[in-house]
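I have placed the structure first, in the form of structure tokens, so that the comments after it can refer back to it.
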């Protein structure tokens, strides 16, 4: 894994069990350019191989989470052919897909406003916590385009009824509304954002790491299965977990009224 990036930073905490990726283009509200998209994909790809990770925190530097596509990048697409635009859009599509399917939970630390593709990043995350003053918008229609690449993840997160209204108006909406429609899970004052993220991380550190990954896969897939598919899939999954090392340890720890081997306090892991 590269040790340095141009537009993002990658840090570890809790003795390497939690990684934090920070988008670092505050002068343009952490808008994407081609290099940032590539760096994010490289970082998430490298982290996906680390089976000890309990979580990845994704956030932005400065006052905004992400303003979506960079203006200069959008200017370049004006001269692209349709085929070149497809190639360009597929880079962002690959990033969204990879974050959505990332093996362990991704926590969006929404430190400020998110527009367009920035909202897409939130929709692909498993847990999203936003500051009270954050504003959100699918602003693409104001530019004569649409929130196409991010739409599969946004519609699954907020539902068709909210997507239909917000996609076509491009209106800005509050963090409180984002929570009501399921885009974010918590809204807190700016001064409590890190505490709220820390609480989510602490809960994840109490869980068995491979069980957490399996639970994420379950949540992503079971809703799209038929009854028979889900019946066999879930039965096989729980049977596999029960006879596995984590399942055996968790059950013995519960019966013996002790903490399981993977669970220690977050303070013991912070580094």
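Return the pair list, or none, for Cβ contacts closer than 6 Å from residues in the stretch 84-96 that are assigned by TED's automatic domain parsing to the domain that holds residue 40 to residues that are modelled with pLDDT under 90, at least 6 apart or on different chains. Listed by first residue and then by second, the contacts come to 85/77.
Please determine, by comparing only the residues of the stretch 129-151 that are in contact with a strand residue (DSSP E or B) (Cβ under 7 Å, 6 or more places away or on another chain) and farther than 12 Å from residue 173 by Cα, which one is surrounded by the fewest Cβ atoms within 10 Å (Cβ to Cβ). Outline the logic, then answer.
Here is the first cut: in the stretch 129-151, the residues in contact with a strand residue (DSSP E or B) (Cβ under 7 Å, 6 or more places away or on another chain) are 129-132, 134-137, 139.
Pick out the ones that are also farther than 12 Å from residue 173 by Cα and you get 129-131.
Working: 129: 28, 130: 30, 131: 21.
Among residues in the stretch 129-151 that are in contact with a strand residue (DSSP E or B) (Cβ under 7 Å, 6 or more places away or on another chain) and farther than 12 Å from residue 173 by Cα, the one surrounded by the fewest Cβ atoms within 10 Å (Cβ to Cβ) is 131.
If the condition is being more than 19 Å from residue 113 (Cα to Cα), crowded, with 18+ Cβ neighbours inside 10 Å and over 18 Å from the mean Cα position of the chain (by Cα), then the stretch 1-56 contributes 5, 14. For the stretch 93-116, filtered to residues that are touching a helix residue (DSSP H, G or I) at 6+ places or on another chain (Cβ under 6 Å) and part of a helix (DSSP H, G or I), the residue that is nearest to residue 142 (Cα to Cα) is 96.
Cβ-Cβ distances below 8 Å connect no pair with a first residue in the stretch 48-61 that is not assigned by TED's automatic domain parsing to the domain that holds residue 109, a second residue that is at pLDDT below 95 and part of a strand (DSSP E or B), and a separation of six or more residues or different chains. If only residues of the stretch 117-139 that are under 11 Å from residue 183 (Cβ atoms) and part of a strand (DSSP E or B) are counted, the one that is farthest from the chain's Cα centre (by Cα) is 136.
Sort out which residues of the stretch 77-88 are exposed (fewer than 15 other Cβ atoms within 10 Å of the Cβ) and in contact with a helix residue (DSSP H, G or I) (Cβ under 9 Å, 6 or more places away or on another chain), and write them in order of number.
Start the filter on the stretch 77-88 by keeping residues that are exposed (fewer than 15 other Cβ atoms within 10 Å of the Cβ), which leaves 77-87.
Within the stretch 77-88, 77, 80, 84, 85 qualify.
The values are calculated or read from the model by the stated rules, or taken from the named source; none is laboratory data. Values in this document were obtained by computation on a predicted structure and should not be read as measured data. Glycine also receives a Cβ, built like all others from the backbone with ideal geometry; neighbour counts cover every protein chain displayed.
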